[in-house]
Amino acid sequence: MATHPMENQVIPVPLADGYVVESVFYGSGTLCISTQVGCAVGCPFCASGSKGFFRNVSMEEVLQQIKAAEETTHPERITLSGIGEPLHNWNVTQALIETSGWPVSVTTTGFPLKRFRALLHLPHNGVMVSLHSAVPSTHKRLVPKGPDCNELLACLHDEWNHLSRNKKRKIGINYLLLEGINDLPEELEAMAAVMRSLPEATLHLLLCNPMEDSTFQSPPDERLQEIYHFFREQGIHCRRANSWRRKEDGGCGTLMVRGLNGREERA
Ligand code: SF4
């Protein structure tokens, strides 16, 4: 068995038509896979939104990413958290969860809601909902082509009582903290109210990866600690994902799509 490297390992995977997507092997044994070449959701903190959507990744190309990773690492589980919105490539996402034999977790904005609802009941290894704000206007700004915030939360609440305790504990809410935008007191209160309504779920506090041309940044460490304790003191299960990772090539927002003409596009 290969040992896990301590650092993340970015693995470029050339596709037959000339695009190159990247996956990331995390030292914990998780392989982060890309499900699309580009992305149509347009989150402004993630450069793939500015470049748009090129095409879906096929099942063969997902297996190609796993095979490429296995040449130098030893993945134990897969997360569909790389480039793209997995619900926009539903057939591949569903097939991977149901038939691949891998433990598969999914990071999603939750759109379309019909697929999100179905996803919650599949035999997944975790669903991370990229909410980022429970204030509708802020959510719309941060996840422009995702679902309506209130409709997403209503859907989650509708399904909550139909999920087993084990399934509920596998649901996470992603909260990418952005200074001056969603770290304000009213934002924190709104997110806390959502978490109190989903008591078994985990709140994942995420940081913005540094990007050269981005105007977004995460709050300083002192403020991050205050926010973490704000949620913990209310009994909310809260994690500081990736140990406040601020590294480049760390996954969300930094993975690269290389285009047919050799141009590089960050996703
Ligand atoms: S953060 Fe995820 S959903 Fe949003 S644009 Fe980037 S890849 Fe797409």
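Between the helical axis of 185-197 and the longest alpha-carbon principal axis of the chain there is an angle of about 80 degrees. Ordering of 85-94, 147-156 by packing is 85-94, 147-156, highest average first (other Cβ atoms within 10 Å, averaged per residue).
Helix 221-232: angle to the longest alpha-carbon principal axis of the chain, degrees 0 to 90, nearest 10? Computed tilt is about 60 degrees. Between the Cα long axis of helix 90-99 and the first principal axis of the chain there is an angle of about 90°, rounded to the nearest 10.
Remark: the stretch 94-238 projects, on average over all directions, an area of 9.3 nm² (convex hull of Cα atoms). Calculated on the Cα set of the chain, radius of gyration then Dmax: 17.6, 52 Å. Ranked by the mean number of other Cβ atoms within 10 Å per residue, highest first, peptides 74-82, 187-195, 29-37 order as 29-37, 74-82, 187-195. Charged neighbours of residue 102, selected by a Cβ distance under 12 Å, balance to -2 (K, R count +1; D, E count -1).
The alpha carbon centroids of the stretch 130-180 and the stretch 60-108 are separated by 22 Å. The residues 213, 221, when put in order of fewest to most other Cβ atoms within 10 Å, stand as 213, 221.
With one equal scatterer per alpha carbon and no solvent term, the Debye-computed log10 I(q)/I(0) for the stretch 113-163 at 0.24, 0.30 1/Å reads -0.95, -1.23.
Ordering 56-66, 160-170 by mean Cβ neighbour count within 10 Å, with the highest value first, yields 56-66, 160-170. Here is how the number arises for the chain: DSSP H runs of 4 or more residues each give -39500 (n - 2.57), the sum is divided by the residue count, and the result at 222 nm is -9000 deg cm²/dmol. Note on residue 99 and residue 28: their simple-model spin labels are 3.0 nm apart, each label 7 Å out from Cα toward Cβ. Percent of alpha carbon pairs in the stretch 27-140 separated by more than 16 Å? Summing the P(r) of the stretch 27-140 above 16 Å gives 59 percent of all pairs. With contacts taken as Cα pairs under 8 Å at a separation of at least 6 residues, the chain carries a relative contact order of 19 percent.
Only the coordinates and a few stated rules stand behind these numbers; no lab work does. The shown structure was predicted, so the numbers you read here are calculated from the model rather than taken from an experiment. A quick note on method: Cβ atoms are made from the backbone with ideal geometry, for glycine too, and the neighbour counts reach across all protein chains shown.
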